[in-house]
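FYI, it's all coordinate maths here, none of it is from the lab. A quick note: this is a predicted structure, and the numbers were derived from the prediction, not measured. Because the Cβ atoms are built from the backbone with ideal geometry, glycine has one as well, and the counts that use them run over all protein chains shown.
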Amino acid sequence: GQNIDQPTEMTATEGAIVQINCTYQTSGFNGLFWYQQHAGEAPTFLSYNVLDGLEEKGRFSSFLSRSKGYSYLLLKELQMKDSASYLCAVQGGTDKLIFGTGTRLQVFP
Amino acid sequence: DTGVSQDPRHKITKRGQNVTFRCDPISEHNRLYWYRQTLGQGPEFLTYFQNEAQLEKSRLLSDRFSAERPKGSFSTLEIQRTEQGDSAMYLCASSLLGAETQYFGPGTRLLVL
């Protein structure tokens with residue numbers, strides 16, 4: 001079967017660092033994506049990992065371990081506008097994306 | 001704005017009516033995807049096209065759902081005899097063959113009364 005797990009909710013303080021974990025079990029693996037989704041809006045692309053290791057892009061970094069079926073998204077220097085849902089998605093054996101339920105992050109002042 | 005557009009943005013209909021949604025992908029993108037998202041859940045795959053060809057359909061896509069991409073550009077998703085369970089956000093995404101990232105449109109929010 002296909003399964004992607006991530007925490008439902010997280011809270012953090014402005015200026016802090018937060019790590020959102022994602023574990024997956026899928027038939028086939030062609031890459032792992034992180035999307036940000038503000039309430040009522042479409043998902044926007046954040047990062048893509050296909051090889052093991054860390055990809056850094058400004059305040060956001062994403063890590064992948066294919067042998068462990070594990071990824072995390074690291075957000076540094078949190079800002080209020082980072083309050084959103086963060087979606088972990090795996091591109092499996094075909095080109096469709098399989099999404100987790102999303103992690104709702106609330107950033108407090 | 002990713003360059004993917006969807007129309008309408010909102011649709012309210014009565015149970016049993018038919019509805020049709022349109023998606024215009026980023027112009028050079030040859031792959032087009034439809035997803036459905038309900039509150040508190042991640043998007044679920046429905047179907048996708050490469051140019052005009054529909055390459056995969058989810059088991060979620062009942063006989064009441066049909067999608068087309070007749071000229072390999074825009075796509076339509078039709079739902080016949082709508083049911084209250086069809087209420088959701090319908091998202092379209094596009095990508096370029098050989099590039100992995102899918103870019104999403106703003107979605108069509110459907111409410112079936």
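With no solvent and one point on each alpha carbon, what is the Debye value of log10 I(q)/I(0) for chain A at q = 0.12, 0.17, 0.18, 0.24 Å⁻¹? Each listed q maps to, in turn, -0.37, -0.74, -0.82, -1.39. Averaging the sequence gap over all C-alpha pairs within less than 8 Å and six or more residues apart, then dividing by the number of residues, gives chain B a relative contact order of 37 percent.
With charges set only on the Cβ (+1 for Lys and Arg, -1 for Asp and Glu), what does the dipole of the protein assembly as shown come to about its Cα centre, in debye to the nearest 20?
Here the protein assembly as shown has a charge dipole of around 500 debye.
The mean number of Cβ atoms from other chains found within 10 Å of a Cβ in peptide B:68-76 is 0, as a whole number.
Among B:26, A:20, the order by Cβ neighbours within 10 angstrom, fewest to most, reads B:26, A:20.
The Cα center of the range A:15-92 and the Cα center of the range B:15-60 differ in position by 23 Å. Coupling constants for the range B:34-46 follow from the phi torsions by the Karplus curve (6.51 cos²θ - 1.76 cosθ + 1.60, θ = phi - 60°), and in residue order they are 10, 10, 10, 9, 9, 4, x, 10, x, x, 10, 5, 10 Hz; glycine and proline get x. Here the relative contact order of the range A:1-101, from alpha carbon pairs under 8 Å that lie six or more residues apart, stands at 35 percent. Ordered by the number of other Cβ atoms lying within 10 Å of each residue's own Cβ, fewest first, B:63, A:95 fall into the sequence B:63, A:95.
Report the FRET efficiency, 1/(1 + (r/R0)^6), for residue B:56 and residue A:11, where r is their Cβ-Cβ distance and R0 is 35 Å, rounded to 0.05. For residue B:56 and residue A:11, the calculated efficiency is 0.40.
In this calculation the C-beta distance from residue B:97 to residue A:39 is compared with R0 = 30 Å, giving a FRET efficiency of 0.40. For the protein assembly as shown, the average shadow cast by the Cα convex hull is 12.1 nm², which is a quarter of the hull's surface. On the basis of the beta-carbon distance and an R0 of 22 Å, residue A:70 and residue B:22 show a calculated FRET efficiency of 0.05. 3J(HN,Hα) along the range B:86-101: 7, 4, 5, 9, 9, 10, 10, 9, 9, 8, 9, 3, x, 10, 8, 6 Hz, from the Karplus curve 6.51 cos²θ - 1.76 cosθ + 1.60 with θ = phi - 60°, whole Hz, x for Gly and Pro. Remark: the range B:19-113 carries a charge dipole of roughly 120 debye about the Cα centre, counting +1 on each Lys and Arg Cβ and -1 on each Asp and Glu Cβ. The stretch between residue B:1 and residue B:41 holds 12.1 nm of extra length on full extension. This uses 0.36 nm per residue minus the Cα-Cα distance.
In this structure, the amide hydrogen of residue B:58, modeled 1.01 Å from its nitrogen in the peptide plane, lies closer than 5 angstrom to those of B:47, counting only residues at least 5 positions away or on a different chain.
Whole-Hz Karplus values for the range B:4-9 come out as 8, 10, 9, 8, x, 7 Hz, taken residue by residue from phi with 6.51 cos²θ - 1.76 cosθ + 1.60 and θ = phi - 60°; glycine and proline positions read x.
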